[in-house]
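Accompanying notes for the structure given below.
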Amino acid sequence: MIRFLKSWFAGSEALDEESLLSRVRSGPIPRHVAIIMDGNGRWAKKRGLPRVAGHREGMKTVREIARAADELGIEVLTLYSFSTENWKRPREEVDYLMKLPEEFLRTELDELVRRNVQVRMIGDETQLPAHTLSAIRRFQEATRDNSGLILNFALNYGSRDEILRAVRQIVEEVQSGKVDKDAIDEAVMNRCLYTAGLPDPDLVIRTSGEIRVSNFMLWQMAYSELWFTDISWPDFRRNHFFQAIEDYQHRSRRFGAV
Ligand code: IPE
Ligand code: IPE
Ligand code: MG
């Protein structure tokens with residue numbers, strides 16, 4: 001009897017996922033979804049594990065959600081992986097996080113190439129350890145010509161840093177006569193940001209219960225829809241992702257109009 005109930009529940013969960021997925025597929029798919037992947041440390045602590053165990057587990061979620069985004073035909077999935085403020089963490093944790101791109105390369109590159117995914121990075125590359133940067137470069141080279149999902153890692157990314165860099169670049173362009181001061185508009189700014197050429201995020205998701213943006217895409221998020229969940233990133237499943245998108249599909253985006 002118990003076995004029957006268990007398989008019945010498992011079956012009905014699969015059915016739920018199927019119907020959620022088909023509902024989501026029939027609605028407008030966001031072009032760009034950005035995720036503040038939070039809660040790895042707390043996930044680990046709750047289990048009596050070191051914080052890095054949460055980061056390791058979180059990598060599995062990255063794989064699952066990247067697959068789901070690809071299946072839905074989302075154009076860009078940006079994952080906030082390391083902020084310009086995360087250097088304040090203990091050395092061992094930072095070292096561990098800086099090794100994850102290599103690990104991800106080793107385990108995921110083949111599938112990403114097969115799926116026609118293009119891997120990109122936004123953030124300040126100059127401060128990354130050489131081994132981290134070389135993994136990123138290998139991803140970029142191996143996937144440069146792919147035309148499917150853009151899997152965009154925000155690594156050593158800070159929105160204020162990004163805006164300051166853009167301001168410096170614009171000042172240089174004005175000084176050299178390339179741009180007229182009065183011609184500085186949103187398009188000029190967009191061109192000078194790390195996200196140049198990408199659409200603004202339609203939907204920003206943050207896991208693990210914090211209701212803040214932590215220096216993420218402050219300019220680009222001007223009209224994004226926001227979705228927060230208490231679920232920690234390692235526990236975040238494709239169903240939660242579809243749920244976020246279904247909610248997004250019911251929002252009325254007005255962009256200041258009526
Ligand atoms: C998100 O999880 C991953 C990174 C910021 C690198 P956290 O490590 O912030 O986990 P919590 O918020 O401390 O639980
Ligand atoms: C934001 O999470 C950065 C990333 C997800 C990479 P944090 O855990 O660093 O943010 P705060 O410190 O809680 O605001
Ligand atoms: Mg956190």
By Cβ neighbour count within 10 Å, fewest first, 227, 219, 233, 87 rank 87, 219, 227, 233
Which of 223, 80, 194 has the fewest other C-beta atoms within 10 Å, and how do the rest follow up to the most? 223, 194, 80
Pop out the Kirkwood hydrodynamic radius of the chain from its pairwise C-alpha distances, inverse of mean 1/r, in Å to one decimal. 19.8 Å
Long-range amide H partners of residue 237 with built H, under 5 Å: none
If each of residue 175 and residue 131 carries a label point 7 Å out from its Cα toward its Cβ, how far apart are those two points in nm? 3.9 nm
Dimensionless Rg/Rh of the range 109-258 - Kirkwood Rh, Rg from C-alpha atoms: 1.00
Relative to the chain, whose Cα atoms define the longest principal axis, helix 91-114 and its Cα axis are tilted in degrees, nearest 10, by 80 degrees
Can you tell me the convex hull volume per residue for the range 1-136, based on C-alpha atoms, in Å³ to the nearest whole number? 150 Å³
Most mobile of 67, 25, 89 in a GNM of the chain (Cα contacts under 10 Å): 89
In whole angstrom, the spacing between the Cα centers of the range 57-96 and the range 143-208 equals 19 Å
Where does the chain land at 222 nm, in deg cm²/dmol rounded to the nearest 500, when only DSSP H runs of n ≥ 4 count, each adding -39500 (n - 2.57), divided by all residues? -16500 deg cm²/dmol
Let me check I've understood the local charge: for residue 151, count other residues with C-beta under 10 angstrom from its C-beta, Lys and Arg +1, Asp and Glu -1. What total comes out? 0
Given 0.36 nm per residue, what is the gain on full extension from residue 140 to residue 14 after removing their alpha carbon distance, in nm? 41.8 nm
Residue-count net charge about residue 201 - beta-carbon cut-off 10 Å; Lys, Arg +1, Asp, Glu -1: -2
How about the range 155-248: which trypsin sites (Lys or Arg not before Pro) there lie in a loop by DSSP and see at most 12 other Cβ atoms within 10 Å? 178, 212
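None of the figures in this text is laboratory data; all of them are computed from the coordinates on show. If you're wondering where the values come from, they're calculated on a predicted model, not measured in any experiment. As a convention, Cβ positions derive from the backbone with ideal geometry for all residues, glycine included, and neighbour counts pool all protein chains shown.
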